[in-house]
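**Student:** Got a structure for you, written out below as structure tokens; questions coming shortly.
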Amino acid sequence: MSSQTGQVESGAVVVYQFKKGGSVPSISPFVIKLETYLRMADIKYVNNYDGKFSKKGKIPWISFDGQEIADSSFCIQYLNKKFNIDLDKHLDDTQKAIAHAYIKMMEENTLWATLVQERGIENLSWTLNEFGVPTLLKFPAKLAFGRKASSAMWKHGIGRHSQEEIHSIATDDIRACSSFLGNKQFFMGDKPSVIDAVMFGFFAEMAYAMPPGSWVTRLVTEDFKNLKDYCERMKEKYWPDWDSKLRQATPK
């Protein structure tokens with residue numbers, strides 16, 4: 001497996017994404033999800049950090065064998081078929097249904113109540129720094145991204161609630177994940193499955209890549225500590241090169 005930029009290796013999947021993060025390999029949970037899946041499935045890949053969006057206007061996306069696939073979930077479905085891989089084959093239908101429900105909760109609800117709320121609404125200046133926005137562009141970027149985040153939250157529906165209510169929604173979701181995980185090694189038991197790529201992608205962001213004093217990080221690392229322990233296990237198992245994948249600080 002390779003994840004270096006440069007010439008594409010023969011037979012390698014190309015993952016198009018944002019620039020590296022300072023405390024996580026990507027500030028996008030969907031990128032971490034996709035890369036973790038590729039590592040779990042032992043599929044060779046390389047990263048393209050140009051920040052180029054797919055035709056659907058989404059990141060991450062992949063190219064492989066002359067095909068371009070957008071959306072992390074569709075990428076996984078495509079690669080499962082292409083490489084005849086099924087990381088969920090040990091799950092029965094009920095377990096697959098439960099995993100599906102938790103994934104959709106995380107990607108369609110928890111995401112908005114945690115990452116979008118704290119990064120895009122409450123601490124946008126920090127987020128722009130993480131994305132490496134130049135100083136001269138930070139003010140117009142803050143206006144543009146602030147409006148975009150607020151509009152997206154409102155259209156989703158969660159942005160119509162108060163900050164206190166949104167925090168409560170986030171807490172309930174994270175508590176549910178913590179309770180379901182319990183003392184298990186992985187979300188569905190002793191063996192990893194696709195849901196683990198998803199959950200690690202999101203909880204790694206919450207644990208390692210939030211603003212100082214983050215209330216989201218506190219939930220994951222203190223109030224529901226088994227989620228932080230889970231992240232450490234996943235990182236050790238699938239990301240032994242984690243630190244080398246981070247953006248290196250620019251010397252002052």
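**Student:** Name, by its number, the condition in (1) touching a helix residue (DSSP H, G or I) at 6+ places or on another chain (Cβ under 6 Å); (2) modelled with pLDDT under 95 that does not hold for Ile174.
**Tutor:** Failing condition for Ile174: (2).
**Student:** Quick check, is Ser193 open to solvent by less than 60 Å² (accessible area, probe 1.4 Å) and farther than 22 Å from Asp86 by Cβ?
**Tutor:** When the stated conditions are applied, Ser193 does not pass them.
**Student:** So, Arg233, is that one open to solvent by 80 Å² or more (accessible area, probe 1.4 Å) and either in contact with a strand residue (DSSP E or B) (Cβ under 6 Å, 6 or more places away or on another chain) or not small (Gly, Ala, Ser) (or both) or not?
**Tutor:** Answer is no for this residue.
**Student:** Next up: Please go through the stretch 51-68 and pick out each residue that is surrounded by 16 or more Cβ atoms within 10 Å (Cβ to Cβ) and under 18 Å from Pro29 (Cβ atoms).
**Tutor:** Across the stretch 51-68, the qualifying residues are Ser54, Ile59, Pro60, Trp61, Ile62.
**Student:** Hey, could you check the stretch 194-227 for residues that are part of a helix (DSSP H, G or I), without any contact (Cβ under 8 Å) to a residue 24 or more places away in the chain and of a type outside the set (Asp, Glu) and say which is nearest to Phe180 (Cα to Cα)?
**Tutor:** Going through the qualifying residues, I end up with Lys225.
**Student:** Residue under question is Lys96, and the condition is that it be basic (Lys, Arg), open to solvent by 70 Å² or more (accessible area, probe 1.4 Å), under 21 Å from Ile32 (Cβ atoms) and without any contact (Cβ under 8 Å) to a residue 60 or more places away in the chain; does it hold?
**Tutor:** When the stated conditions are applied, Lys96 does not pass them.
**Student:** Next question. Just one of Ala144, Ala170, Ala113, Ala176 is over 22 Å from Glu222 (Cβ atoms) and of a type in the set (Gly, Ala, Ser); which is it?
**Tutor:** After applying the criteria, what remains is Ala144.
**Student:** Right, next: May I ask you to verify whether Thr135 is of a type in the set (Val, Ile, Thr) and surrounded by fewer than 17 Cβ atoms within 10 Å (Cβ to Cβ)?
**Tutor:** Taking the combined requirement at face value, the residue satisfies it.
**Student:** Among the residues of the stretch 171-185, write down those that are surrounded by 12 or more Cβ atoms within 10 Å (Cβ to Cβ) and within 16 Å of Ala101 (Cα to Cα).
**Tutor:** Asp172, Asp173, Ile174, Arg175, Ala176, Cys177, Ser178, Phe180, Leu181
**Student:** Within the stretch 206-218, count every residue that is of a type in the set (A, V, I, L, M), open to solvent by 10 Å² or more (accessible area, probe 1.4 Å) and out of contact with any Asp or Glu (no Cβ under 8 Å at 6 or more places or on another chain).
**Tutor:** 1
**Student:** Where residues in the stretch 239-252 are open to solvent by less than 30 Å² (accessible area, probe 1.4 Å) and part of a helix (DSSP H, G or I), which of them is nearest to Phe186 (Cα to Cα)?
**Tutor:** Trp242
The values are calculated or read from the model by the stated rules, or taken from the named source; none is laboratory data. Remember, predicted model here, so these are calculated numbers, not experimental data. Here Cβ is always computed from backbone atoms with ideal geometry, including for glycine, and neighbour counts include all displayed protein chains. Just so you know, the surface numbers come from the protein's heavy atoms only, side chains and all, with ligands and any DNA or RNA stripped out. Shrake-Rupley method; radii C 1.70, N 1.55, O 1.52, S 1.80 Å.
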